[in-house]
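The structure appears below as structure tokens.
The values are calculated or read from the model by the stated rules, or taken from the named source; none is laboratory data. From a predicted model like this one, the values you see are computed outputs, not experimental measurements. Note: ideal-geometry Cβ built from the backbone for every residue, glycine included; neighbour counts use all protein chains shown.
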Amino acid sequence: MTKPPLRWVALTTATVLTACFLLLPTLVVVPMSFNGSSTLGVFDSTWTTRWYDELLSSSAWRTAAFNSLQVALGSTVLATVLGTLAAWGFSKLGIYGRAVQGGSIAPVIVPPIILGVGLYSVFLTWQLNGTVLGLVLAHTVLAIPFVVIAVGASFAQLDPVYERAAASLGAKPFQTLRRVILPLLLPGVVAGALFAFVTSWDEVVVSIFLTDAQTRTLPVEMWIQVRTQVTPTLAALGTCLLLVSSLALIAMQVLRRSERDD
Amino acid sequence: MTVGTAPAPRRRGRHGFGGGGWVLVLPLIAFLAVFFLYPLVQMARESMSGGFSTYESIMTSPVYRKVFWNTLTIAGATTAICLVLAYPYAYVMNRVSPRVRLALMAFVLLPFWASLLVRSFAWIALLQDSGLVNQALQGLGLTDEPLSLIRTTPGVLIGMVHIMLPYMVLPLYTAMARVDDRLLLAASSLGATPLRRFVRVFLPLTLPGLGAGCLLVFTISLGFYITPALLGAPSQAMLGEVIAEQVEQFGLSTASALGIVLLTGTLLVLVVVALFAKRIGRSSR
Amino acid sequence: MTENSTVTTGAALTLSGVTKRFGDAVAVREVDLELMPGEFLTMLGPSGSGKTTTLNMVAGFLQPDAGRVVLDGREITTTPAHARNIGVVFQNYALFPHLSAVRNVAFPLEMRGVGRKEALRRAHGALELVELEKCADRRPAQLSGGQQQRVALARAFVFEPGLLLMDEPLGALDKRLRETMQLEIMRLCRRVGSTVVYVTHDQEEALTMSDRIAIYNEGVIEQLGTAEDLYERPATTFVADFVGDSTILSGQSLGDGTVAGDGWVAAGPERSVVPAGRRASVVIRPEMVRLSPAEDTKSAVNQMTGHVTDVVYLGSQVKYIVTGDGGDEVHAKIARSTQWSRFERGDRVNATWASEDCVVLDS
């Protein structure tokens, strides 16, 4: 099929521009964080790591980072356990199970701000506002759909014939679980856990409602700073957050690659 | 490895292994009931704490009417712009070599992994008077004075389109990838010009993906908070911002009522589109 | 596999009255089978005829609704699958994707309490037997279909089961590979000495490999016998049709083993008596039909006069399809090496056969 040049020039230009539009804001934080100019977004000719120093030496940021980590780990564990068990259950159930499985994806459809308001009002009565536990519970709700989807996909790929094969080879049910089923599920579970971690790590809307001065997570701290005063320190933070997310993404790719080639 | 389809009994799930399925699902259901459904219920109750009066005042107040209107128009505009940008991008992604496709896909996926907050404030830095965008515009000689882009409607649109674009590209790409090239060849052999072929064959075939993408972008935009709060004009506040404001000012019942309105609106859009899609699916047979 | 590869005593398997229903449909109806130790039995039949369901009940994956399964004198009807010590080779191999070939083969040994090292040693031995030693550390996804098949075989053999079940193991392979693997399976089975129940819908495969064949049709075994039994003395028209190429003529029985049809009369061996007046079928194998130019139209028993309507060149044989004056068809296969002159389409011929070469069956 001969491609008329004009059409393709236009398409290519559009694509390139769109790609730049996508990439520029995502990546621009990196150079911004190293630039000497004290006005964010204005570049001068000096380069420095001073913003990182400020970041790392600030106790507010360190506390926020610690909080973020706690909450992310807690919600990851909780969401992964609940989601994996449920995905296993769903794989055994028929049509009704499928409907409920669809329902467990609901937290993704509901705008986070609504969940934020709802949980805020509920946590008021339960006195969970401004606690790490409250945050963990809230983030778990948000993370659960991802775990259910990832682990559910793993189960779907798990052919029932493996159970029969294992039984025919003499494996009692528990041995089949341990030696055949769990190893095959592991990639899905790990993927779900990584998704859960990143979801919690980046979560801001719900967290805004549920945190107080002591329990702020990194995104919340960032949010407060952005509204008051925009400094390159934020760019440094943004770069760090980008790094963490990227590491998680790379970890997932490595996982998928290793399970396929090996 | 070819794995056969085992004749699993359809009555039960495929893995009749170990105990019952509901026991395993129960913890999840209980958890979501307590920490997801109950807050929504509570929100509804809170909104009704003054009877219907809260809803009345919201619906009749011109201020809130404006907010609803803004939310709808900005969400709609975002969807439209995303569509215009995403369609060619997805189209090109389908036509290029696998290597280039991988790169294009990476560009689309990368933003997902940078938190939305980071990207939003990156836009603040870029769109401010002394930011890169204005520098570029002045450098190219398009304007003499910096354009005020932050805290304006164009500003918020730029930010939201940026965030939403991947959500539009992915469904479009998937739908386009499914289009059988032979159909296009057949159309050509029947005498269709490239334009005709595009409008009468290609476009309709990508409609499901288009619909999915628009739905996704629109519904997410309705409930958006962060980006409009950072980049939007105060006079053009969206529903999310207003809700947050109310919570800050301890107007919990108003905030709840607004939240219910938002939730209902979002669900309504989903239901309407779902029904519509079924209609189209049926009529095309 | 032990190094001195002692022959395992095959197990004796008996099925009595085994029945399985799925809802209203009866998949297996009152099946009786008795296998001698070391025997290679094939269950042959079309899809859905109940052969795989029977196999699954022997393996323990399904529970029969009625009947008993007895292995070496012990009733195993309700024993769970993992306690039956029966080797199974699945249709799509069912190799565990997360384990290498040798770990797959070692799996059943480890399940029986053999230590990791010893299990791997014996697994390597089993792989040598199927000539896949060099692929030992590869994952199933990296192996070809034929290689996966051989690993699946090794995995089923390695713990020396008395009974081996195979569910259409060669279905996914191409013809040449299938033929090679058929011989390989036979060789291995003979060497190990296990009793084998083999399921297939390919009659050539069944005829090649088995000691005895059970023909399944709609949940019932229509005939159980050697290849010769089935081919030369089919018990029903289904068996006659399913096994080998044959002409089946339909006519009216005259009572004494004779059947009259449109333009022909067939007289079978006296023992095949169908009551007079009933519809009967006459089965004639094509190699038993002789063709001669029809010079005169004298009618005779076991003869059909007609035109050659088709000639098919089969390499070592030529197949003629003769349409009789009455409309019925007779197939004849004539070896190329004989002196018979070739017939052309449209030639008028007499197709004849001997009385002892045809089988008269109740329709």
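Against the condition without any contact (Cβ under 8 Å) to a residue 12 or more places away in the chain, surrounded by fewer than 18 Cβ atoms within 10 Å (Cβ to Cβ) and in the same structural domain as C:Val274 (by TED's automatic domain parsing), how does C:Ser355 come out, does it pass? Criteria not met by C:Ser355. Within the stretch A:91-105, the set of residues being small (Gly, Ala, Ser), within 7 Å of another protein chain (Cβ to nearest Cβ) and within 26 Å of B:Tyr167 (Cα to Cα) comprises just one member, A:Ser104.
Annotation note: Cβ proximity below 7 Å between a residue of the stretch C:250-261 that is assigned by TED's automatic domain parsing to the domain that holds C:Val273 and modelled with pLDDT of 80 or more and a residue that is surrounded by 19 or more Cβ atoms within 10 Å (Cβ to Cβ) and among the hydroxyl-bearing types (Ser, Thr, Tyr) (sequence gap 6+ or interchain) occurs for C:Ser250/C:Ser281; C:Val259/C:Ser253. For the stretch A:46-59, the criterion of being surrounded by fewer than 22 Cβ atoms within 10 Å (Cβ to Cβ), under 30 Å from A:Leu177 (Cα atoms) and out of contact with any Leu (no Cβ under 9 Å at 6 or more places or on another chain) is met by none of the residues.
C:Arg138 meets all of the listed conditions (1) surrounded by fewer than 18 Cβ atoms within 10 Å (Cβ to Cβ); (2) within 14 Å of chain B (Cβ to nearest Cβ); (3) under 27 Å from the mean Cα position of the chain (by Cα); (4) not hydrophobic (A, V, I, L, M, F, W, C) but one, namely (3).
Of the residues making up the stretch C:222-248, those that are of a type in the set (D, E, K, R), more than 17 Å from C:Glu205 (Cβ to Cβ) and part of a loop (DSSP other than H, G, I, E, B) number 1. I'd like the residue in the stretch A:177-193 that is within 15 Å of C:Ala94 (Cα to Cα) and within 8 Å of chain C (Cβ to nearest Cβ) and, out of all such residues, is surrounded by the most Cβ atoms within 10 Å (Cβ to Cβ). Ranking the qualifying residues of the stretch A:177-193, first place goes to A:Val180. Of the helices (runs of 4 or more DSSP H) lying entirely inside the stretch B:104-195, those containing at least 3 residues that are touching a Cys at 6+ places or on another chain (Cβ under 7 Å) span B:153-177. Please go through the stretch C:86-108 and pick out each residue that is out of contact with any Leu (no Cβ under 8 Å at 6 or more places or on another chain) and farther than 20 Å from A:Ile181 by Cβ. Correct list: C:Gln91 only. Of B:Ala257, B:Ala233, B:Ala229, all but one fail to be touching a Lys or Arg at 6+ places or on another chain (Cβ under 7 Å) and either buried (at least 22 other Cβ atoms within 10 Å of the Cβ) or modelled with pLDDT under 90 (or both); the exception is B:Ala233. Looking across the stretch A:196-245, the residues that are assigned to a helix (DSSP H, G or I), more than 7 Å from every other protein chain (Cβ to nearest Cβ) and of a type in the set (Gly, Ala, Ser) come down to A:Ala196, A:Ser200, A:Ser207, A:Ala235, A:Ala236. Criterion applied to B:Met238, B:Met168, B:Met176 was being surrounded by fewer than 22 Cβ atoms within 10 Å (Cβ to Cβ) and either in contact (Cβ under 8 Å) with a residue 12 or more places away in the chain or more than 12 Å from chain A (Cβ to nearest Cβ) (or both), and the one residue passing it is B:Met176. Take C:Thr14 and decide whether it is closer than 30 Å to C:Val243 by Cα, free of Cβ contacts under 8 Å to residues at least 60 places away in the same chain, in contact with a Pro (Cβ under 9 Å, 6 or more places away or on another chain) and of a type in the set (Ser, Thr, Tyr). When the stated conditions are applied, C:Thr14 does not pass them.
Checking each residue in the stretch B:232-258 for being within 18 Å of the chain's Cα centre (by Cα) and assigned to a helix (DSSP H, G or I) picks out B:Leu239, B:Gly240, B:Glu241. Candidates in the stretch B:97-134 are the residues that are facing another protein chain (nearest Cβ under 9 Å) and of a type in the set (Val, Ile, Thr); of these, the one that is surrounded by the fewest Cβ atoms within 10 Å (Cβ to Cβ) is B:Ile124. Considering (1) closer than 22 Å to A:Ala166 by Cβ; (2) in contact with a Lys or Arg (Cβ under 7 Å, 6 or more places away or on another chain), the lone condition that C:Met166 does not fulfil carries the number (2). Could you go through the stretch B:265-279 and let me know if any residue there is surrounded by 16 or more Cβ atoms within 10 Å (Cβ to Cβ) and of a type in the set (Phe, Trp, Tyr). There is no residue in the stretch B:265-279 that is surrounded by 16 or more Cβ atoms within 10 Å (Cβ to Cβ) and of a type in the set (Phe, Trp, Tyr). For the stretch C:47-66, a tally of residues being out of contact with any strand residue (DSSP E or B) (no Cβ under 7 Å at 6 or more places or on another chain) and assigned to a loop (DSSP other than H, G, I, E, B) returns 5.
A count restricted to the stretch C:303-334 and to residues that are in contact (Cβ under 8 Å) with a residue 40 or more places away in the chain, surrounded by fewer than 16 Cβ atoms within 10 Å (Cβ to Cβ) and over 20 Å from C:Asp241 (Cβ atoms) stands at 1.
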